[in-house]
Amino acid sequence: MTIRGFLLGKFLPPHAGHLFMCKTAMRLCDELTVLVCTLDREPIDGRLRHAWMKQLLPGARVIHFDQDVPQEPADHPDFWEIWRNICLDAHPEPVDAVFGSEPYVMRLAQELGARPVVIDP
C-alpha cells in the first residue's frame, strides 16, 4: 500500500527546520506533496519560494498556491472548508498522513481524513 503524505507551509524563507520536517516526512511516506502557500504582500516572492522548495525536495511533488484566502480560523467562518478544498485540489488522491509542526496539523488531518504526524524540529 502506498502511503501518501501532505505538508503545507509558507517557507518564508525555507530554513533548516522546514527541511528537517520535509525530509522526515519523505522518509515516513512513499509520496509527499508539499503545498507552498504564498501571498502577494509577503516580502519574498512566492514563485521564488516555490522554486527553492522544488530544488530542495527532489522526489516530492511541490505545488504553488498563491490565492488570497483566510489565514486563520478567526478570519472566516468557513476557514476549514476553504482549506480542505484547497488541499483536496492540490492532492486529489486520498491523503494518509498530514505532516507539520504547528497545532493546525491536527485539525487539517481531521478535515482530510488523514493521520496527523507532528514533527518538532
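None of the figures in this text is laboratory data; all of them are computed from the coordinates on show. Being a predicted model, the structure only gives us computed values, none of them experimental. No Cβ is skipped: glycine too gets one built from the backbone with ideal geometry, and neighbour counts run over all protein chains shown.
Restricting the stretch 1-87 to trypsin sites (Lys or Arg not before Pro) that sit in a DSSP loop and have at most 14 other Cβ atoms within 10 Å of their own Cβ leaves ARG41.
Note on the chain: helix-only mean residue ellipticity at 222 nm, from DSSP H runs of 4+ residues weighted -39500 (n - 2.57) and normalised by residue number, equals -11500 deg cm²/dmol. Our summary gives the chain a relative contact order of 28 percent, counting only alpha carbon pairs under 8 angstrom and 6 or more residues apart. Residues in the stretch 98-109 carry Karplus couplings, in order, of 10, 9, x, 10, 9, x, 4, 4, 4, 6, 4, 4 Hz; the curve used is 6.51 cos²θ - 1.76 cosθ + 1.60 with θ = phi - 60°, and Gly or Pro positions show x. For the stretch 4-118, what class follows from the C-alpha gyration tensor (a ≥ b ≥ c being the square roots of its eigenvalues): rounded when a/c is under 1.5, otherwise prolate if a/b is larger than b/c, else oblate? Oblate is the answer for the stretch 4-118, as a/c is 1.5 or above yet b/c matches or exceeds a/b. When the Cα positions of HIS64, GLN110, MET1 are compared along the charge dipole of the chain, MET1 comes out farthest toward the positive end, with charges on each C-beta of Lys, Arg, Asp and Glu.
In a simple Cβ point-charge model (Lys, Arg +1; Asp, Glu -1; nothing else charged), the stretch 4-118 has a dipole of about 540 debye relative to its Cα centre. Mean-square fluctuations from a GNM of the chain, with a 10 angstrom spring cutoff on Cα atoms, peak among HIS18, HIS64, HIS76 at HIS76. Between the residues MET21, VAL98, TRP80, the greatest Cα displacement towards the positive end of the dipole of the stretch 4-118, with unit charges on the Cβ of Lys, Arg, Asp and Glu, is found for MET21.
In sequence order, the stretch 56-73 has phi-based couplings of 6, 10, x, x, 9, 8, 10, 10, 9, 10, 10, 8, 7, 10, x, 9, 9, x Hz under the Karplus curve 6.51 cos²θ - 1.76 cosθ + 1.60, θ = phi - 60°, and Gly or Pro positions carry x.
Here the Gaussian network model covers the chain, with springs between Cα atoms less than 10 Å apart; of ALA90, ALA74, ALA60, ALA74 fluctuates the most.
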